Amino acid sequence: MAYGPDACVSGPADVLRWLRVWHARQDANCDGGSSLRVLVHGGALDTLVVEARRGRQGVTVSLLCVRLTMYRRLLAHRGRLARALTLRLNVPVTIEVEARYAP
């Protein structure tokens, strides 16, 4: 899947802002083929990569992390994250958590 330039942000509020703007553009253009990739630098979510793509069943957000502790925390809270994003975007959201760390 080809991505455009990655957005670099510094925290959860910025990630949410990018998701909202991306989702609004999806609705306006009726273009379900594009995706979003956001890199987080700094703060509690440092090194997290957020990828979003729209499909027939809603939006899938993949959280890619390189730290094991962050992976475990995100995995434990993915249901709550999915519900919160579903309410904010007004479309079903599925959260995938992936670990990309070196043991």
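Can you tell me the convex hull volume per residue for the chain, based on C-alpha atoms, in Å³ to the nearest whole number?
101
Helix-only estimate, please: 222 nm mean residue ellipticity of the chain, summing -39500 (n - 2.57) across DSSP H runs of length 4 or more and dividing by its residues, to the nearest 500.
Mean residue ellipticity at 222 nm (helix-derived): -13500 deg cm²/dmol.
Quickly work out the residue 34-to-residue 68 label distance, labels modelled 7 Å from Cα along the C-beta direction, and quote it in nm with one decimal.
Once both label points are built, they end up 3.9 nm from each other.
Kindly report the accessible area of the chain per residue (heavy atoms of protein chains, probe 1.4 Å, no ligands, DNA or RNA), in Å².
63
Antiparallel DSSP bridges in the chain: what percent, to the nearest 5?
55
Please report, in debye to the nearest 20, how large the charge dipole of the range 43-103 is about its Cα centre when each Lys and Arg carries +1 at its beta carbon and each Asp and Glu carries -1 there.
200
What size of dipole, in debye to the nearest 20, comes out for the chain about its Cα centre when the only charges are +1 on Lys and Arg C-beta atoms and -1 on Asp and Glu C-beta atoms?
320
Quick check: the angle from helix 68-89's long axis to the longest principal axis of the chain, C-alpha only, nearest 10 degrees?
Roughly 20 degrees, rounded to the nearest 10.
Using a probe of 1.4 angstrom, how much of the accessible area of the chain is carbon and sulfur, in percent?
The nonpolar share, carbon plus sulfur, comes to 53 percent.
For residue 20 and residue 56, what is the calculated FRET efficiency with R₀ set at 25 Å and r taken between the beta-carbons, to the nearest 0.05?
With a Förster radius of 25 Å, E is 0.75.
Relative to the longest principal axis of the C-alpha atoms of the chain, give the angle of the C-alpha long axis of helix 12-29, reported between 0 and 90° and rounded to the nearest 10°.
The helix 12-29 is inclined about 20 degrees to the chain.
What FRET efficiency comes out for residue 98 versus residue 10 if R0 is 25 angstrom and r is the Cβ-Cβ distance? Round to the nearest 0.05.
Computed FRET efficiency for residue 98 and residue 10 comes out at 0.70.
The values are calculated or read from the model by the stated rules, or taken from the named source; none is laboratory data. For clarity, every value in this text was computed on a predicted model and none was experimentally measured. Note that each Cβ is placed from the backbone with ideal geometry, even for glycine, and that neighbours are counted across all protein chains shown. All accessible areas refer to the heavy atoms of the entire protein, side chains included, with ligands and DNA or RNA removed. Shrake-Rupley method; radii C 1.70, N 1.55, O 1.52, S 1.80 Å.
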